[in-house]
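Written out below as structure tokens is the structure these notes cover.
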Ligand code: PLP
């Protein structure tokens, strides 16, 4: 046995492409380049003050020890109240769990339920982590491509055609990363109607961007179709809605058998989420969201800045997204063009690399999310910084040229 050999499991997982871009940005910045990172999936707003104060008070009070694995009684109560008030979903304490981010909860749910060969339906474009989590659980990701013409929404007929006896889960993410798609209650009803005919399929509703919407309603499957609640895991968290990505608190509501299994996995891996962050999350969930109106106004301004940049280039197209803080822009018109250095743009990765090197702007290539040729532009940055980055992208796009047609050989 070679001491440095990794387990075969490792061949099924890639490092997160978004984390890789952030590493590249850090390396270029350390080398003296000025890079604007439009690749990062987090808001630049500060965590609200009342939340920070709750954390400081938790430290001072000595809330610094292990807690119950699934979360403190106070946090569970706040989660139950949130689901009841905002989503019309009633859960008992045995039906909710808090973990170190929505990511950990999704991972634990899949690991707890997916057996070798089980299929998990993932509409594409998707959040980068779903397929790798499914692979780590030895399942098969069944990627269902969605179309920009359909607003990136999964069509009920496509869902119905994809379900097999091996289907274990359908993962839905609305508002969605990377497209900003928001399923309306009617869209969601179309999907829940299909699911009602397939009682062996579990439903994962990743609602992490719930509060980041621009004038459109929110719909979560267990609320749209209450008969699905017994086989739906509704996942949410404070990372995006409260600008608390670093605090690492996610939560989920679902059937007690599933929550108990997720708790068992958590008890043998990380145990409880950070006690101080749990106290902060209680303050976030209970403290109201008046600050959110101002955040939304700023995000709408930023979305307009990015959409204007997209219109100003000849190589990008994108419909205005309804939610999250991403624009998923088609870059097909850039393919086949040459950079000033004479390099041909052959893929969305080449285009993203060109923007990083030429414009000093980091974006994530669509292939990372299972759809090409696209780039994901995250616009959660200060308006002035964002405008400057957009101008640099426009200039870089202008410098792309069509290579001279080769003379036909007589
Ligand atoms: N789900 C989606 C769709 C995401 O985009 C992210 C983070 O980028 C997460 C889940 C993870 O959230 P958390 O920070 O709570 O782990």
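The values are calculated or read from the model by the stated rules, or taken from the named source; none is laboratory data. If you're wondering where the values come from, they're calculated on a predicted model, not measured in any experiment. As a convention, Cβ positions derive from the backbone with ideal geometry for all residues, glycine included, and neighbour counts pool all protein chains shown.
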Exercise for the section: Determine, yes or no, whether residue 75 is under 20 Å from the mean Cα position of the chain (by Cα), part of a helix (DSSP H, G or I) and within 15 Å of the ligand (Cβ to nearest atom). Expected result: no
Problem - Flag for residue 302 being modelled with pLDDT of 95 or more and out of contact with any strand residue (DSSP E or B) (no Cβ under 8 Å at 6 or more places or on another chain) - result: yes
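Yes/no matrix, rows are residues, columns are (1) surrounded by fewer than 24 Cβ atoms within 10 Å (Cβ to Cβ); (2) in contact with a strand residue (DSSP E or B) (Cβ under 8 Å, 6 or more places away or on another chain):
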{"residue": "158", "(1), (2)": "yes, yes"}
{"residue": "165", "(1), (2)": "yes, no"}
{"residue": "176", "(1), (2)": "no, yes"}
{"residue": "186", "(1), (2)": "yes, no"}
{"residue": "205", "(1), (2)": "no, yes"}
{"residue": "211", "(1), (2)": "yes, no"}
{"residue": "230", "(1), (2)": "yes, no"}
Handout entry: residue 119 under 24 Å from the mean Cα position of the chain (by Cα), modelled with pLDDT of 95 or more, more than 25 Å from residue 288 (Cα to Cα) and surrounded by fewer than 23 Cβ atoms within 10 Å (Cβ to Cβ)
Key = yes
Handout entry: Odd one out for residue 273 among (1) assigned to a helix (DSSP H, G or I); (2) assigned by TED's automatic domain parsing to the domain that holds residue 97
Key = (1)
Practice task
Give the number of residues within the range 112-133 that are more than 16 Å from the ligand (Cβ to nearest atom) and outside any helix (DSSP H, G or I).
Solution key: 6
Handout entry: Subset of the range 1-58 [closer than 30 Å to residue 275 by Cβ and assigned to a loop (DSSP other than H, G, I, E, B)]
Key = 13, 15, 16, 40, 41, 42, 43, 44, 45, 46, 47, 48
Handout entry: Unique match (being within 14 Å of the ligand (Cβ to nearest atom) and either at pLDDT below 95 or closer than 23 Å to residue 198 by Cα (or both)) among 233, 258, 228
Key = 233
Problem - Pairs where the first residue, in the range 113-133, is on the phi > 0 side of the Ramachandran plot and the second is part of a strand (DSSP E or B), C-beta under 8 Å, 6+ apart - result: 117/140
Fill in the blank from the handout: The number of residues in the range 80-104 that are assigned to a helix (DSSP H, G or I) and under 11 Å from residue 235 (Cα atoms) is 4
Practice task
Please verify whether the range 271-279 includes one or more residues that are in contact (Cβ under 8 Å) with a residue 12 or more places away in the chain, within 16 Å of the ligand (Cβ to nearest atom) and within 18 Å of the chain's Cα centre (by Cα).
Solution key: no
Completion exercise
Pairs returned, first residue in the range 191-216 that is at positive phi, second residue that is at pLDDT 95 or above, beta-carbon separation under 9 angstrom, 6 or more apart or interchain, are 215/300; 215/322
